Amino acid sequence: MELYGDFLFKCAMMRLRDPAHAEDAVQETFLAALKGGQAFAGRSAEKSWLVGILKNKICDHYRRASRETPFTDLEFYADEERGRFVAEGAFQGAWIHELGPQEWPNPGASLDNEEFWQAYRDCSGKLPKNVAAVFNLREVDGLDGKGICRMLNISENNLWVMLHRARMALRRCLETNWFGKGGEAP
Amino acid sequence: MRWLRQAVGALGALSPTCKRATRLQSEAMDRRLSFSEKLGLRLHLFLCKWCRRYGRQLKFLRSAVRGCEEHESREAPQGLSPEARERIKQKLQSSRE
């Protein structure tokens, strides 16, 4: 608990964004770990074992939430950057060149930069809760789409729309707040 | 050179719009595209450097965040509050007894 409490709480905060819910998830994780603890021998893998339990608890939380209110969010970013595409004529639907994706110089170098991750967290924080949740389940945890749909009781088509808009919005936000500024802190 | 312009024009007519291509590139990360979707997208990416960038950036985003709890510095900065820590400790204690 002393060793991993903070770390698990940070993980949970990234997913749930609510200190009370995150605290619950951490508490349930430790309770489950205590129960199953005897069976667990390898200490080196302890942290990832706890993270595994935590992820299950977070999934339980989403499952419960999706039973109370539908998880689908088709409102967010519904215009899909419409203003950045040509509105009519032969080139309708094409990027307006100055407003389209810009070149990101050496994006890999940002991965070790704490300020990049601060920018990422800010951008991710602007996504609505449910959109961020499906993005995290799919991209961070690498769960497959069908599993996410079953867990949250949403259709595959709606999942794809939500993921598409989440990626689009994150890409745009990182471009504006990070890469567009030369990868420097804003 | 007229034939070249015509050829590019014909290819362009078969290719989806950029707006559609952004959606297809995202969906290609989640499901198998149909043959015609794949063909159209390939054709589009061949012609359009903005969408090639877009696709590269989506893949960068995926590789950047995948498994990011391995790197503590990438998580939210604030940890458990002392009060929350105490509450959890007590709960664990009482479950032991």
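The values are calculated or read from the model by the stated rules, or taken from the named source; none is laboratory data. Quick caveat: nothing in here was measured; it's all calculated off a predicted structure. Positions of Cβ are generated from backbone atoms using ideal geometry, with glycine treated the same way; all protein chains shown enter the neighbour counts.
Apart from one condition, A:N106 fits all of (1) closer than 15 Å to B:R62 by Cα; (2) more than 9 Å from every other protein chain (Cβ to nearest Cβ); the exception is (1). Within the range B:24-52, being in contact with a Phe, Trp or Tyr (Cβ under 8 Å, 6 or more places away or on another chain) and either free of Cβ contacts under 8 Å to residues at least 24 places away in the same chain or surrounded by fewer than 17 Cβ atoms within 10 Å (Cβ to Cβ) (or both) holds for B:E27, B:D30, B:R31. Considering A:F116, A:F91, the condition of being within 28 Å of A:E175 (Cα to Cα), in the same structural domain as A:S155 (by TED's automatic domain parsing), touching a residue at least 60 places away in the same chain (Cβ under 8 Å) and of a type outside the set (D, E) is satisfied by A:F116 alone.
Going through (1) assigned to a loop (DSSP other than H, G, I, E, B); (2) within 23 Å of B:K59 (Cα to Cα) one by one, A:D73 falls short only on (2).
Residue-level check: of (1) facing chain B (nearest Cβ under 10 Å); (2) surrounded by 13 or more Cβ atoms within 10 Å (Cβ to Cβ); (3) of a type in the set (G, A, S), A:A90 misses just (2). Pairing residues of the range A:153-175 that are at positive phi with residues that are surrounded by 18 or more Cβ atoms within 10 Å (Cβ to Cβ), at Cβ distances under 8 Å and at least 6 apart in sequence or on separate chains, gives A:N153/A:F71. Looking across A:E175, A:E156, one residue alone is within 11 Å of chain B (Cβ to nearest Cβ), surrounded by fewer than 21 Cβ atoms within 10 Å (Cβ to Cβ) and touching a Pro at 6+ places or on another chain (Cβ under 8 Å). It is A:E175.
Restrict the check to the range A:177-184 and report whether at least one residue is in contact (Cβ under 8 Å) with a residue 24 or more places away in the chain and on the phi > 0 side of the Ramachandran plot. Looking through the range A:177-184, at least one residue is in contact (Cβ under 8 Å) with a residue 24 or more places away in the chain and on the phi > 0 side of the Ramachandran plot.
Within the set A:A41, A:A32, A:A45, the sole residue that is at pLDDT 85 or above, of a type in the set (A, V, I, L, M, F, W, C) and either loosely packed, with under 14 Cβ neighbours inside 10 Å or not assigned by TED's automatic domain parsing to the domain that holds A:N136 (or both) turns out to be A:A32. All of (1) surrounded by fewer than 20 Cβ atoms within 10 Å (Cβ to Cβ); (2) within 14 Å of chain B (Cβ to nearest Cβ); (3) over 27 Å from B:P16 (Cβ atoms); (4) basic (K, R) hold for A:K55 with one exception: (1).
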